[in-house]
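Chemist: I'd like to ask you about the structure that follows.
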Amino acid sequence: MADTRILVVDDEPDLLELVSFNLSKAGYRVVCVKSGEEALAQIPVSPPDLLVLDLLLPGVDGLDVCKALKQNPQTTSIPIIMLTARSEEADIVTGLELGADDYLTKPFSPRILLARVKAALRRVRSVSHPTSAVIMHGTLTIHPGHHEVHVGDQPVRLTPTEFNILHLLAQRPGWVFTRYQIVDAARGNDAGVTERSVDVHIAALRRKLGRDGEAIETVRGIGYRLQNREQSGTEIAEATVDE
C-alpha cells in the first residue's frame, strides 16, 4: 500500500483532514488539493493510483474533472470515487456515466470509504492482469484462454466484442458496470464500440445465450450486470431487465 498514491480533492478542510488521516493510517500515500483546477494541473504531472473526488467544487466542479480525465487516454484508467452531498439519483447516475467507479454520499463512514478504495484498486488490478481461468455461470462456460463460450455442451459463436463484454460481466457477477466501463473494457481494436452500441451487443448476447442470456440484467440509467447466483430473491427483483 505504501506505493499506492491517492489524490483527494475537496474544498472542505475538515473533510480533507478526515479522509487523509484514515487513508494514511491504512498505509496509502495521500495528497490533498482543494479545487478542480489544482487536480487537473497536478494529475498529468504525477498521476495518482486513485482519485477521491468531491462533486461540488468551486470553479471546475467534480463532474468536469471526471469528464476531462476519462476523455484523456493517459488518465482514463485512474479509478474515481465520487464524494457528494447530493443523494439524488440523477447526480449519481451522471457521475457514473462519465466514468466514475463508485460514489459515497456525505456524511459517510471512513471504514466504508476504505472498503470502497480497496475494492476499486482490486478491480483495476484485475483488469490489468486479466484471469485466464475458466468461468462457469449456470450452464454457461467461458474459456478466456481459448476465447470460447459454451452453453451446456453447445458452443456459442460470439464476436470478439461480445466475448469481451460477457467476460467482463462474468468476472464480477452482481457488479454493475456502466456503459462507459463496458466500452473501455470491450473496445480493444474495435473503435466502433460506443456507449450507444453497447445496448446492441447486449441484445445480441442475450439472444445467442438463450436462457443463460436472461442473467444479463439492465440496471436502468446506469448499465448492466450479470446476475449473481447467490443474490437473494429480493435483490434479483430489484433489478430492472429490459428485453
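Chemist: Measuring from centroid to centroid over Cα atoms, what is the spacing of region 54-82 and region 10-38 in Å?
Modeler: If we compute the Cα centre of each part, the gap is 16 Å.
Chemist: Quick one: length gained pulling Lys118 to Asp61 fully straight, 0.36 nm per residue minus the C-alpha distance?
Modeler: Taking 0.36 nm per residue and subtracting the Cα distance, the gain is 18.0 nm.
Chemist: Might you work out the accessible area of Met136 for me, using a 1.4 Å probe with all protein chains in place, and round it to the nearest 10 Å²?
Modeler: 140 Å²
Chemist: Calculate, in nm to one decimal, what Asn72 and Arg5 gain on full extension: separation in residues at 0.36 nm each, minus their alpha carbon distance.
Modeler: Result for the pair: 22.2 nm of gain on full extension.
Chemist: May I ask you to give the solvent-accessible area per residue for region 12-78, in square angstrom, as obtained with a 1.4 angstrom probe?
Modeler: 50 Å²
Chemist: Obtain the radius of gyration and the Kirkwood radius of region 1-104 from its C-alpha atoms and give Rg over Rh.
Modeler: 0.93
The values are calculated or read from the model by the stated rules, or taken from the named source; none is laboratory data. No experiment lies behind these values; they were computed from the predicted model shown. When the accessible area is computed, the model is the full protein with side chains, heavy atoms only, and any ligands, DNA or RNA have been set aside. Shrake-Rupley method; radii C 1.70, N 1.55, O 1.52, S 1.80 Å.
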